[in-house]
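Structure first, then comments.
The values are calculated or read from the model by the stated rules, or taken from the named source; none is laboratory data. For clarity, every value in this text was computed on a predicted model and none was experimentally measured. Using ideal geometry, Cβ is built from the backbone for each residue, glycine included, and neighbour counts are taken over all protein chains shown.
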Amino acid sequence: MGGSEAHHGEPHRVGTPCVLYAKVLERQTEAVYEITEYEPNRAVKWKTVSGPLPLTFWRRVDGAGEGTRVTMGYSGEFQGFLGLLRPMLIRMGKRAIRGDLPTLKQLLESKH
């Protein structure tokens, strides 16, 4: 099971903590991220506050002619044991992004 939610249902804005639930290395885990940049209906950036992976990730949505361009990314400093797992963690991140795209597409199309 995966997913995320704003902490205690708070509205999204810079400083809002969000809890991410994910399966990492076959173990259910929870991480807390904080919104560091937020532009309503356009862009958001988060950083790890607590959890197993020190990450920053972002999403941005821009109009592109008749369609929509979505830019997403992750960055992180993987040291020690996590450094050894870096190639696998990158593959997992790419798979997570691809898994998010159908939901994002559905949300964007429902707004029209």
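Values for this structure:
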item: Filter result (within 15 Å of Thr71 (Cα to Cα) and among the aliphatic types (A, V, I, L, M)) within region 83-112; result: Ala96, Ile97, Leu101, Leu104, Leu108
item: Odd one out for Leu89, checked against (1) in contact with a Pro (Cβ under 6 Å, 6 or more places away or on another chain); (2) surrounded by 14 or more Cβ atoms within 10 Å (Cβ to Cβ); result: (1)
item: Region 1-48 - residue that is modelled with pLDDT under 90 and small (Gly, Ala, Ser) and, of those, surrounded by the fewest Cβ atoms within 10 Å (Cβ to Cβ); result: Gly9
item: Within region 56-112, tally of residues that are more than 24 Å from Thr36 (Cβ to Cβ), of a type in the set (Asp, Glu) and part of a helix (DSSP H, G or I); result: 1
